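Reviewing the structure listed below.
The values are calculated or read from the model by the stated rules, or taken from the named source; none is laboratory data. Just so it is clear, the structure is predicted and the values come from calculations on it, not from any experiment. Using ideal geometry, Cβ is built from the backbone for each residue, glycine included, and neighbour counts are taken over all protein chains shown. Side chains are part of the model used for accessible areas, which takes the heavy atoms of the whole protein and leaves out ligands, DNA and RNA. Shrake-Rupley method; radii C 1.70, N 1.55, O 1.52, S 1.80 Å.
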Amino acid sequence: MLKKIICFSALIMAFNTTRAQNNIYPTSGNTGLGNTVPSAKLDVYVPGNATMQSGIRLTSPFSFSNTSNINTLFHLRKAGRNKGQFSSQFVVKTNGNVGVGVNYNDPILNNKRMVITDNNPNALDLNVRGFALIDGQNASLLFGATGGESFGQWGIEYNEYATVKGLNFWKPAGSNNFGNYYMFLTDTGKVSIGLDPNVAGTYSGDFKLYVAKGIMTEKVKVTLRSSSDWSDYVFEDNYNLLPLDKVEQHIEEKGHLPNVPSAEEVAKEGIDVAKMDAKLLEKIEELTLYIIEQNKRIEALETKLNTK
């Protein structure tokens, strides 16, 4: 009898010791590890101790759900109203892959580090408050794999190993029209479309946009920095209008109109649309002055003939 009393007393002491260390409260059903008063069914508190490495450690094989298999390290699921109905909430595979809203045996977790899904196109699946950094060699954001493409239809990556560094918009392998540099944004703020940023001369000149194969648009508006950049100065009294014989001489010697770039210059440097339009208007206004002058001469000759 004495042995039974001693054993029972030892059991009570062990229970009280465990309760004191782990804070088990049978009346509330809450269990606390490392904290004073647990406020949940399992409440783990990790104190500020340099020797404490983690709060919970799971070592494979371990299964939170008895429906999981040996390849599942942790499986959290939510029971439905009907018996036997469950919805998978969180899965950690033994290979380190994580699924949110994915069933533990979904083959997508075999080769994807993390999968988040709720099968609701109108719901936001991931909300990051603060900075999110995508880093590493060839790290990319990939979009559009509804057709089963391994890497989606579009990718955006930071191209840090090329001659020109910047943001590359590209089409991954297996997508429609696989290719690189559909659009490129350089670190200096220049944008190219359909051009290889690594080819010498791609970003020649002090411009912001470089486009291959041209642009089609319904409307283009070009503004001037000042009204002095327009060509109304031709009609001012002090404008030096070249005599027509001087214009003829310039054409014979240079092969183009005075104060107009040659074909070679345009091929090498291109043209500024606003400045070229102003230059063309300058020539139109000069022609208008020549016509007015010639009309005065014709009228003078007609008057002279009529007086005879």
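So here's what we get for this one:
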read-out: Gyration tensor (alpha-carbon) shape descriptor, segment 142-224, a/c threshold 1.5; value: oblate
read-out: Per-pair calculated FRET efficiency, R0 = 22 Å: K78 and N122 via Cβ, rounded to 0.05; value: 0.55
read-out: Residue-wise HN-Hα coupling along segment 194-202, computed from phi with Karplus coefficients 6.51, -1.76, 1.60 (Hz; x: Gly, Pro); value: x, 10, 7, x, 8, 7, 4, x, 4
read-out: Segment 227-245 residues near the modelled L281 label - backbone nitrogen below 13 Å, point 7 Å along Cα→Cβ; value: 227-235
read-out: Under 12 Å from the L244 label point (7 Å along Cα→beta-carbon), backbone N, segment 277-308; value: 287-298
read-out: Accessible area of segment 215-308 belonging to carbon and sulfur atoms, whole % at 1.4 Å probe; value: 54 percent
read-out: Extension gain (nm, one decimal) between N110 and D237, 0.36 nm per residue minus Cα-Cα; value: 37.4 nm
read-out: Theoretical FRET efficiency, 1/(1+(r/R0)^6), r = Cβ-Cβ of H256 and N138, R0 51 Å, to 0.05; value: 0.50
read-out: Other-chain or far-sequence residues with amide H under 5 Å of D43's (modelled H); value: T31, G32, L33
read-out: Segment 166-285 shape via C-alpha gyration tensor axes, a/c threshold 1.5; value: prolate
read-out: C-alpha center-to-center spacing [segment 236-308, segment 182-200] in angstrom; value: 41 Å
read-out: Residues with amide H under 5 Å from that of F90, placed H, sequence gap 5 or more; value: L76, G101
